1. List every residue pair whose Cβ atoms lie under 7 Å apart, where the two residues are 6 or more positions apart in sequence or sit on different chains, the first residue falls within the stretch 76-96 and is within 14 Å of residue 51 (Cα to Cα), and the second residue, located anywhere, is of a type in the set (Ser, Thr, Tyr) and assigned to a loop (DSSP other than H, G, I, E, B).
2. Given the residues 87, 51, which is the only one that is part of a loop (DSSP other than H, G, I, E, B) and within 14 Å of residue 159 (Cβ to Cβ)?
3. Just need a number here: residues in the stretch 100-130 that are surrounded by 15 or more Cβ atoms within 10 Å (Cβ to Cβ) and outside any loop (DSSP other than H, G, I, E, B).
4. Quick check on my filter: what residues within the stretch 190-199 are surrounded by fewer than 20 Cβ atoms within 10 Å (Cβ to Cβ) and either modelled with pLDDT of 95 or more or within 21 Å of residue 146 (Cβ to Cβ) (or both)?
5. Residue 21 versus (1) hydrophobic (A, V, I, L, M, F, W, C); (2) modelled with pLDDT under 50; (3) surrounded by 13 or more Cβ atoms within 10 Å (Cβ to Cβ); (4) more than 16 Å from residue 110 (Cα to Cα): which is the lone unmet condition?
6. Could you tell me whether residue 77 is surrounded by fewer than 21 Cβ atoms within 10 Å (Cβ to Cβ), in contact with a Lys or Arg (Cβ under 7 Å, 6 or more places away or on another chain), at pLDDT 95 or above and over 26 Å from residue 186 (Cα atoms)?
7. Of all strands (runs of 3 or more DSSP E) completely enclosed by the stretch 166-232, which ones contain at least 2 residues that are closer than 21 Å to residue 82 by Cα?
Amino acid sequence: MVPFRVSLLAVLSALCLSSPLPGQVRALQPYSFREEFLQRVPISSAGIRVGVLTDVIGQRIDPARFFVYLPAHRSRSLCVEISSRDGRYGAEMEYRLDMVVPGRITLSIPSRHVSDLRGYRSHQIAVLARLGNSCERPDGEFVVASWVADHGTERVLVLVNSPAPEVDVLVPVHGNVVRRVRCSPVREGRAIAYNWQCHLALPHRGRRVDLHVVATAMGDEGLPVHLPVHVP
């Protein structure tokens, strides 16, 4: 499997835009791309895997592209990690943002495994996209990704991998008030790359929201994982 360097789901060729056919949206090509598809389902997956997507369940994906909602920013790159729930597919890519206008943008995936990926649905592949000046250590906001072009962003799906029996997401409401949202375990198919799904209605549209993922075992909460997300 592609080695992931960070615990939350990220990478290095010149910025180029594909030439769209009439009526198609121009897709941003990756500056760098790396992927792997395993013929057998792995037994386990180490570390936390997180995806931040629009809350769309069951839609077929187009393995050649996905979408993100890009805010105004000063970052050089968008760092993306893709991981299938069954652990068979993993990809890392970097998109250069020097000439990209904020808004919903289309991102190209130059995969050699298109035929293998066509069988996956939108909730079966996690996408984690984060702004940064370096994809070695991205430190910007996470942005909401989507496999569906025109789906709204009123609800967000956070995908997490944790062996803990309970996982929650802490959502700031106003001031010091925090809403705790209980995540639900994935009960369908093999849950290797992630095994929890968290359905969130996020406040503060058009700005950053500082989420925290908390895993609880034997009554003890682990250290919260910070997830700064820009809400479209």
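The values are calculated or read from the model by the stated rules, or taken from the named source; none is laboratory data. Source: prediction; values computed, not measured. With ideal geometry, Cβ positions are generated from the backbone for all residues, glycine too; neighbour counts draw on all protein chains shown.
1. Hits for this filter: 84/120; 85/194; 87/45.
2. Numbers: 51 fails: part of a loop (DSSP other than H, G, I, E, B).
Result: 87 is the single residue among 87, 51 that is part of a loop (DSSP other than H, G, I, E, B) and within 14 Å of residue 159 (Cβ to Cβ).
3. Adding up the residues that qualify gives 17.
4. If we filter the stretch 190-199 for residues that are surrounded by fewer than 20 Cβ atoms within 10 Å (Cβ to Cβ), which is where we start, we get 190-191, 199.
Selection gives 199 alone.
5. Looking at each condition in turn, residue 21 falls short on (3).
6. Numbers: surrounded by fewer than 21 Cβ atoms within 10 Å (Cβ to Cβ): no; in contact with a Lys or Arg (Cβ under 7 Å, 6 or more places away or on another chain): yes; at pLDDT 95 or above: yes; over 26 Å from residue 186 (Cα atoms): yes.
Answer is no for this residue.
7. On the way: elements: 166-174, 177-182, 196-201, 207-217, 225-231.
The strands (runs of 3 or more DSSP E) meeting that bar are 196-201, 207-217, 225-231.
Rundown of residues vs (1) closer than 17 Å to residue 143 by Cβ; (2) crowded, with 21+ Cβ neighbours inside 10 Å, yes/no style:
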position: 158; (1), (2): yes, yes
position: 176; (1), (2): no, no
position: 188; (1), (2): no, no
position: 205; (1), (2): yes, no
position: 226; (1), (2): yes, no
